[in-house]
Amino acid sequence: MSSRTIQVSAFDLVVFGGTGDLAARKLLPAMFQRDRAGQLPDEGRIIGVSRRALGHDGYLDFVKKSLSTYVKASELEPEALKRFLARVHFVPVDVTGESGWPELASLLASGNEAVRCFYFAVSPDLFAPISERIGQFGLITDHSRVVLEKPLGKNGESAHAVNEAVGKVFNEHQIYRIDHYLGKETVQNLMALRFANRLFEPLWNSTHIDHVQITVAEDIGVGDRGGYYDTSGAMRDMLQNHIMQLLCLTAMEPPDAFEADAVRDEKLKVLKALKRIDERNAEHMTVRAQYRAGSVGGQPSAGYLEDLGNDTSSTETFVAIRAEIANWRWAGVPFYLRTGKRLTKRTSEIVVNFRPISHNIFDATAGRLSQNRLILRLQPDEGVTLEVTIKDPGPGGMRLRRIPLDMSFVETFGVSNPDAYERLLMDVIRGNQTLFMRADEVAAAWQWVDPIHAAWAHNDQRMHTYAGGTWGPSAAIALIERDGRTWLEDSE
Ligand code: NAD
């Protein structure tokens with residue numbers, strides 16, 4: 001059973017970069033699915049904008065092709081497709097020039113009081129010129145919002161410049177910085193588990209939690225996105241945004257309400273409480289590495305430098321960090337963070353490891369007692385597992401073992417999860433910023449990450465290597481094992 005669908009208000013969604021990969025793979029399919037679910041009102045329009053000289057029909061062909069590629073054939077009902085295509089418009093605009101803007105302005109004017117969402121699905125160096133033109137052509141109404149895609153800068157300074165440029169035209173309450181991880185069901189369930197149950201919150205601290213692991217692993221390499229990736233690396237592409245957001249939601253204090261600023265205030269406090277890592281301790285607290293040739297899923301895989309066609313790159317495709325939060329709740333509890341490409345499998349999870357029980361009443365025949373673990377899986381199959389110790393069934397002695405209480409959302413609710421973009425796009429139209437990042441959060445995340453980058457450069461920190469299809473370099477295993485702990489996949 002899924003929740004009731006409530007229609008959003010009339011809207012115009014203007015997608016800058018309407019012919020790009022993100023629009024094709026995520027935005028158009030997400031809007032189509034919401035339309036199928038009955039969530040879009042008749043007065044909902046999707047306006048693709050790009051510099052490609054496509055006519056209306058040419059853009060409809062692009063939309064149809066995108067949907068037939070990224071939506072299951074069984075879900076692409078002719079009626080639904082027809083209804084969706086009737087919402088679609090296209091305006092060719094070179095956003096750095098003047099042409100096309102008057103046409104866009106007059107199309108928007110016909111939308112009257114509709115909520116206006118400007119989605120910047122373009123390279124971030126276009127955020128400033130687009131914002132400027134939007135301001136210049138008077139396109140901002142009281143019901144306007146802007147969505148910014150990652151990456152939000154390459155460091156604190158460039159993120160500040162982006163925020164400044166967009167902030168000249170839009171108010172902070174109109175700016176939606178998207179991190180699609182926050183739209184995942186499991187991430188929202190983390191908040192439900194913590195704050196809608198008696199069970200976890202009393203134990204959610206250093207007295208009862210031994211450590212936390214957050215892993216975002218991909219089995220693919222850089223593919224044809226090597227050019228972009230090489231300027232970014234695992235730290236900027238994944239850790240600074242997705243992993244740090246997961247860390248914040250795991251570690252934050254309960255907000256006084258599930259409201260945008262209350263939640264974001266608490267996340268900000270976590271970011272500010274992260275212990276600094278710089279040239280004094282980076283060698284000890286961080287591992288960076290690059291994948292080499294290997295084998296993923298039985299298939300041979302090339303190394304990063306071959307994928308890139310450049311044998312001098314020193315961009316990391318893997319990073320592991322031992323983070324600590326210096327506050328009352330978390331003092332002494334390490335948060336092991338790691339992300340990488342070409343790892344054994346695609347998986348994203350948060351693993352909360354509880355401390356051992358304080359006194360064992362069972363004798364040696366019961367076996368070694370395992371610790372409780374709460375595992376929140378974000379992908380591939382979203383769900384939650386609580387590992388508890390029980391007695392082995394049967395009349396034998398008291399033998400104990402750890403078993404998973406498993407909840408797969410798909411199995412439990414009988415529906416597959418909507419893509420995160422579906423949820424987030426509806427939140428933008430509704431005007432709910434809870435699952436979006438505020439400017440000060442982005443700045444605080446960079447304030448923690450920038451000194452690590454500086455330390456890597458300053459110390460000329462070693463770039464480890466790992467074979468494709470493994471869990472990363474041995475140094476990442478050593479990072480956790482030196483504390484007497486193991487990554488989830490290495491534990492019994
Ligand atoms: P893309 O290169 O496939 O598409 C870029 C789009 O911008 C195209 O529609 C192009 O016509 C348009 N464009 C470029 N210059 C323009 C100009 N001067 N005037 C008007 N239109 C112009 O890129 P993408 O993969 O769709 O990514 C877009 C943004 O979203 C990037 O910042 C990227 O980092 C981010 N992003 C992409 C993904 C993804 O899965 N593709 C995921 C997360 C974030």
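The values are calculated or read from the model by the stated rules, or taken from the named source; none is laboratory data. Note that the coordinates shown come from a computational prediction; the quantities given were computed from them, not determined experimentally. Counting neighbours? That spans all protein chains shown, and the Cβs are built from the backbone with ideal geometry, glycine included. Each accessible area value is taken on the protein alone, full model and side chains, heavy atoms only, with ligands, DNA and RNA left out. Shrake-Rupley method; radii C 1.70, N 1.55, O 1.52, S 1.80 Å.
Please verify whether GLY167 is open to solvent by less than 50 Å² (accessible area, probe 1.4 Å), in contact with a strand residue (DSSP E or B) (Cβ under 9 Å, 6 or more places away or on another chain) and small (Gly, Ala, Ser), treating the condition exactly as stated. Explain how you work it out, then say what you get.
Values: open to solvent by less than 50 Å² (accessible area, probe 1.4 Å): yes; in contact with a strand residue (DSSP E or B) (Cβ under 9 Å, 6 or more places away or on another chain): yes; small (Gly, Ala, Ser): yes.
The answer is yes for GLY167.
Which is part of a helix (DSSP H, G or I), within 16 Å of the ligand (Cβ to nearest atom) and open to solvent by 50 Å² or more (accessible area, probe 1.4 Å), of ASP224, ASP261, ASP237? Can you show your working first?
Working: ASP261 fails: within 16 Å of the ligand (Cβ to nearest atom); ASP237 fails: open to solvent by 50 Å² or more (accessible area, probe 1.4 Å).
Answer to the selection: ASP224.
What number of residues in the range 12-23 are open to solvent by less than 10 Å² (accessible area, probe 1.4 Å) and either more than 9 Å from the ligand (Cβ to nearest atom) or closer than 14 Å to THR69 by Cβ (or both)?
4
Here's the yes/no breakdown for (1) hydrophobic (A, V, I, L, M, F, W, C); (2) under 13 Å from PHE318 (Cβ atoms); (3) in a strand (DSSP E or B):
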position	(1), (2), (3)
HIS453	no, no, no
THR465	no, yes, yes
GLY472	no, yes, no
ALA475	yes, yes, no
LEU479	yes, yes, no
ARG485	no, no, no
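Per-residue answers, yes or no, for (1) buried (at least 17 other Cβ atoms within 10 Å of the Cβ); (2) outside any strand (DSSP E or B); (3) touching a strand residue (DSSP E or B) at 6+ places or on another chain (Cβ under 7 Å):
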site	(1), (2), (3)
PRO254	no, yes, no
LEU268	yes, yes, no
ILE277	yes, yes, yes
GLU283	no, yes, no
VAL287	yes, no, yes
SER314	no, yes, yes
ILE321	yes, no, yes
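Sort out which residues of the range 323-350 are crowded, with 22+ Cβ neighbours inside 10 Å and β-branched (Val, Ile, Thr), and write them in order of number.
Once the filter is applied, which keeps residues that are crowded, with 22+ Cβ neighbours inside 10 Å and β-branched (Val, Ile, Thr), the range 323-350 yields ILE325, THR339, ILE350.
Select from the range 65-88 the residues that are crowded, with 18+ Cβ neighbours inside 10 Å and within 15 Å of the ligand (Cβ to nearest atom) and write down the one among them that is farthest from PHE16 (Cα to Cα).
SER66
Go through the range 25-55 and report how many residues are more than 16 Å from the ligand (Cβ to nearest atom) and either open to solvent by 30 Å² or more (accessible area, probe 1.4 Å) or not charged (D, E, K, R) (or both). Walk me through it before giving the result.
Restricting attention to the range 25-55, the residues satisfying the condition of being more than 16 Å from the ligand (Cβ to nearest atom) are 32-45.
With the extra rule that they be either open to solvent by 30 Å² or more (accessible area, probe 1.4 Å) or not charged (D, E, K, R) (or both), the set shrinks to 32-34, 36-45.
Matching residues across the range 25-55 total 13.
Test HIS242 against the criterion of being within 16 Å of the ligand (Cβ to nearest atom), assigned by TED's automatic domain parsing to the domain that holds ARG198 and not in a loop (DSSP other than H, G, I, E, B), and give yes or no.
yes
Condition first: of a type in the set (A, V, I, L, M, F, W, C), surrounded by fewer than 17 Cβ atoms within 10 Å (Cβ to Cβ) and either within 22 Å of THR186 (Cβ to Cβ) or touching a Phe, Trp or Tyr at 6+ places or on another chain (Cβ under 6 Å) (or both). Now tell me which residues in the range 364-397 satisfy that. Reasoning before the result, please.
Taking the range 364-397 and keeping what is of a type in the set (A, V, I, L, M, F, W, C), we get 364, 366, 369, 374-376, 378, 384, 386, 388, 390.
From the residues that got through so far, the ones that are surrounded by fewer than 17 Cβ atoms within 10 Å (Cβ to Cβ) too are 364, 369, 388, 390.
Within the range 364-397, VAL388 is the sole residue that qualifies.
Go through the range 436-477 and count every residue that is closer than 19 Å to THR215 by Cβ, open to solvent by 50 Å² or more (accessible area, probe 1.4 Å) and small (Gly, Ala, Ser).
Looking only at that region, the number is 1.
Exactly one condition in (1) over 25 Å from ASP419 (Cβ atoms); (2) touching a helix residue (DSSP H, G or I) at 6+ places or on another chain (Cβ under 6 Å) is false for ALA121; which is it?
(1)
Picking from SER106, SER131, which residue would you name as being loosely packed, with under 15 Cβ neighbours inside 10 Å and either away from the ligand (no atom under 13 Å from the Cβ) or in the same structural domain as LYS64 (by TED's automatic domain parsing) (or both)?
Details: SER131 fails: loosely packed, with under 15 Cβ neighbours inside 10 Å.
The conditions single out SER106.
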